[in-house]
């Protein structure tokens, strides 16, 4: 499980972020039978412009292993006290070449610490409910299901975890 670093991604890292996001979410899209035509909203099919825009309101962190980007995670830039001090984690992605090494757990711990440092009292995330192995993974990290809602043609599980 040795890594070189976990560091904040910059605009210069956009191409590397896209490689990781497309590879990680691409395998998920194939599992769900999605393609760019049927699901242009899916992370696997987003272009550089959309990801660059996301970098304006999300802070991306990258895990570097063997000198290469192996995964990423994003947190919202601002914790909003008027909404109870919630933080948000998204875009949890580990390149398929690096799965099974515990990198997702490391990224989650890193992101939770970053949110706690920003004043978040609780963190939330969303996952497609059909991806039950991801729901189980997040539950193993202390997240509990707090609701479900529809997104496009999918059921989404909303999960959260206290940080204090």
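Once every DSSP H run of n ≥ 4 in the chain is given -39500 (n - 2.57) and the sum is divided by its residues, what mean residue ellipticity at 222 nm do you get, rounded to the nearest 500 deg cm²/dmol?
After summing the helix terms and dividing by the residues of the chain, the value is -9500 deg cm²/dmol.
Determine the gain in length on full extension of the stretch residue 164-residue 126; use 0.36 nm per residue of separation and subtract their C-alpha separation, reporting nm with one decimal.
Contour length minus Cα-Cα distance gives 11.6 nm.
Using Cα springs under 10 Å in a Gaussian network model of the chain, which residue among 154, 42, 95 shows the largest mean-square fluctuation?
Per the Cα network of the chain with a 10 Å cutoff, 154 tops the list.
GNM, the chain, Cα, under 10 Å: largest mean-square fluctuation among 31, 109, 54?
Of the options given, 31 has the highest mean-square fluctuation.
For an R0 of 30 angstrom, estimate the FRET efficiency from the Cβ-Cβ distance between residue 105 and residue 152 and round to the nearest 0.05.
Working from the Cβ atoms, E equals 0.55.
Mind telling me which of 102, 33, 119 comes out most flexible in a GNM of the chain, alpha-carbon contacts under 10 Å?
33
When only C-alpha pairs under 8 Å and at least 6 residues apart count, what is the relative contact order of the chain, in percent? Numbers along the way, then the final one.
Working: 270 pairs, mean separation 31.4, N = 164.
Once normalised by length, the contact order is 19 percent.
For residue 15 and residue 97 in one chain, what is 0.36 nm times their gap in residues minus the Cα-Cα distance, to one decimal in nm?
27.8 nm
Throughout, read-outs are computed from the coordinates displayed, never taken from laboratory work. All figures in this text were calculated on a predicted structure; none of them were measured in a lab. Here Cβ is always computed from backbone atoms with ideal geometry, including for glycine, and neighbour counts include all displayed protein chains.
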